[in-house]
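Asks: Take this structure first; my questions come after.
The values are calculated or read from the model by the stated rules, or taken from the named source; none is laboratory data. Note that the structure is a prediction, hence the values are computed from the model and not measured. Note that each Cβ is placed from the backbone with ideal geometry, even for glycine, and that neighbours are counted across all protein chains shown. These area figures cover heavy atoms from the full protein model, side chains too; ligands, DNA and RNA do not enter into them. Shrake-Rupley method; radii C 1.70, N 1.55, O 1.52, S 1.80 Å.
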Amino acid sequence: MSTLCLPDHLTPLLMHIEPLLAAAEQYQLGEPVRVGSSESAVVDMHVDQRPLAIAFNEECLTGDGYTVRDQWVTPYPSVSELQQAVAAQPKLIICGLPTERGCVDIWHHNGEARAVYCHDAGSSEPQRAMLLTALALDYPLEDAVTLARAYARSHASAVWPMGRELFPRPLTANHPEVDALGWVSTEVPVTSFAKTDPQKMALYPVVDTAEWVEKVLELGVKTTQLRIKDPSEPSLPAQVANIIAAGNAHQAQVFVNDYWQLAIEHQAYGVHLGQEDLETADLAAIQQAGLRLGLSTHGYYEILRAIEFAPSYIALGHIYPTTTKDMPSKPQGLSRLALYQKLIDDAFPTVAIGGIDLSRAESVWQTGVSSVAVVRAVTQAEDPQAAVDAFNHILLRPVSH
């Protein structure tokens, strides 16, 4: 159980925190949180047995935690000035920085600053309450800041923010106001990527050899991905060429994980990238080559960031614990997956991935995702054809008239 202890001057936040925690319990969004009083001037938390302190503005922070700056008097600092400050200070969070047309929230991520922006900031008390609640529920910092702004904009009408219209937009190279705000982006702008065929997206095996790509296509699968972890694998170019030929022969959607240069060179159907690749891959070259793009996401901020680049689909994961890949994030679980799906709605196809087997496929499918990715459930099945047939029996869509 996590604890969230408020100093006396922040107890008015309870009018928001208690309903938020009740909603979190209703939606099963995390472990229970016990609320108490802090004997210091800062908010004291224990989350997953880790101490965490939150100090607002001029309060003195000691130990592990964050200083949140969210009160402003003119003249306001510039966005670029605070972008540099947060990049240099991992424990500093900027909330509600006023600009000419809206407000900016900024936090530190792996040596750089990230931000979200919206025109209507909402109120500061709900924003603070959701920030503390989300951190107590063990959301990563970027999701806590993003949720806090969404709730500040929606608290009068929603107990837990869900619709995308409530959420701020990440400041990326694709944001129309990024230059006017003075935000320096490490990505490059790119137009929308080619679309996938949604009728071919349901079961989505992710396999590690061209032989397995060919095998699942022969079993009737229409969307699959080759994921070879070792970039020095000598047969990699040949395997990429083989899966593209097999995809063309079966009129299937075959994606190449990571190796976008090879995917372009061999004219692949599509490429799948992680969030970190948004700053290093040549997205413009991928788009201009006509390749489809799938993007991995692990929470609210990454979903919103992916949306800025208008990919062909958005992968949501990892849903359950998995041993097939080292994951920097925690399992999302079904309840969070369902809320992510509501956030995206039908704007983009979605792929649920991570620890999904036949016994879990039905409950994952009921969240409304477009596709279910499996790694071992087919390739390690005693009878792969029977496994594919069993998944296809579950992953059925209503017949449209």
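Asks: Taking amide H positions as placed in the peptide plane 1.01 Å from N, state which residues far from ALA113 in sequence (5 or more) or on other chains have amide H under 5 Å from it.
Replies: Those qualifying (amide H under 5 Å, at least 5 residues apart or on another chain) are ALA87.
Asks: If you stretched the chain out fully between GLN267 and GLU112, how much longer would it get, using 0.36 nm times the residue separation minus the C-alpha to C-alpha distance?
Replies: Answer, rounded to one decimal: 52.4 nm.
Asks: Which trypsin sites (Lys or Arg not before Pro) in the range 179-286 sit in a loop by DSSP (not H, G, I, E or B) and have at most 16 other Cβ atoms within 10 Å of their own Cβ?
Replies: Here the trypsin sites (Lys or Arg not before Pro) that fit, given the DSSP loop and packing criteria, are LYS195, LYS229.
Asks: Right, next: Using the heavy atoms of the protein chains alone and a 1.4 angstrom probe, what is the accessible area of the chain per residue in square angstrom?
Replies: Per-residue value: 44 Å².
Asks: Now for a different question. Which value, in debye to the nearest 20, gives the size of the charge dipole of the chain about its Cα centre, when Lys and Arg are +1 and Asp and Glu are -1 at the Cβ?
Replies: 700
Asks: For the cross-link pairs LYS200/LYS342; LYS195/LYS330; LYS91/LYS342; LYS195/LYS215; LYS195/LYS342, which exceed 27 Å when the distance is taken from alpha carbon to alpha carbon?
Replies: Among LYS200/LYS342; LYS195/LYS330; LYS91/LYS342; LYS195/LYS215; LYS195/LYS342, the Cα-Cα distance tops 27 Å for LYS195/LYS330; LYS91/LYS342.
Asks: If you don't mind, another one. For the range 117-165 and the range 173-244, what is the centre-to-centre distance using only Cα atoms, to the nearest Å?
Replies: The two parts, judged by their Cα centres, are 32 Å apart.
Asks: Given a cut-off of under 8 Å on Cα pairs at least six residues apart, what relative contact order in percent is computed for the range 200-315?
Replies: Relative contact order here is 18 percent.
Asks: With every protein chain left in place and a probe of 1.4 Å, what is the accessible surface of HIS298, to the nearest 10 Å²?
Replies: The accessible area of HIS298 comes to roughly 40 Å².
Asks: With no solvent and one point on each alpha carbon, what is the Debye value of log10 I(q)/I(0) for the chain at q = 0.10, 0.11, 0.14 Å⁻¹?
Replies: -0.70, -0.83, -1.22
Asks: Follow-up question, since we're still on this one. Of the chain, which part is the longest with no GluC sites (Glu not before Pro) in a loop (DSSP not H, G, I, E, B) and with at most 11 other C-beta atoms within 10 angstrom?
Replies: 101-381
Asks: Same structure, new question: Using a 1.4 Å probe and ignoring any ligands, DNA or RNA, find the accessible area of ASP389 and quote it in Å² to the nearest 10.
Replies: Per-residue accessible area (ASP389): approximately 80 Å².
Asks: Between rounded, prolate and oblate, where does the range 1-145 land on the alpha carbon gyration tensor, with a ≥ b ≥ c its root eigenvalues, rounded for a/c under 1.5, else prolate if a/b exceeds b/c?
Replies: prolate
Asks: To the nearest 0.05, how large is the calculated FRET efficiency for GLN288 and ALA85 if R₀ is 41 Å and r is the Cβ-Cβ distance?
Replies: 0.65
Asks: Rounded to two decimals, what ratio of Rg to Rh does the range 248-397 give with C-alpha atoms and a Kirkwood Rh?
Replies: 0.96
Asks: May I pose another question? First compute the accessible area of the range 36-189 with a 1.4 Å probe, then give the percent of it belonging to carbon and sulfur atoms.
Replies: 49
Asks: Next question, about the same structure. So what is the relative contact order for the chain, in percent, with contacts set as C-alpha pairs under 8 Å and at least six apart?
Replies: About 11 percent, as a whole number.
Asks: Separation of the range 1-41 and the range 331-362 by C-alpha centroid, Å?
Replies: Taking the Cα centre of the range 331-362 as reference, the centre of the range 1-41 is 27 Å away.
Asks: While we're on this one: Where the centroid of each part is defined by its Cα atoms, how far is the range 85-106 from the range 294-309 in Å?
Replies: Cα centroid to Cα centroid, the span is 21 Å.
Asks: Report for the chain the percent antiparallel among DSSP-assigned beta bridges with both residues inside it, nearest 5.
Replies: Close to 35 percent.
Asks: Given axes a ≥ b ≥ c from the Cα gyration tensor, I'd like to know whether the range 188-292 is rounded (a/c under 1.5), prolate (a/b larger than b/c) or oblate.
Replies: In terms of gyration-tensor shape, oblate.
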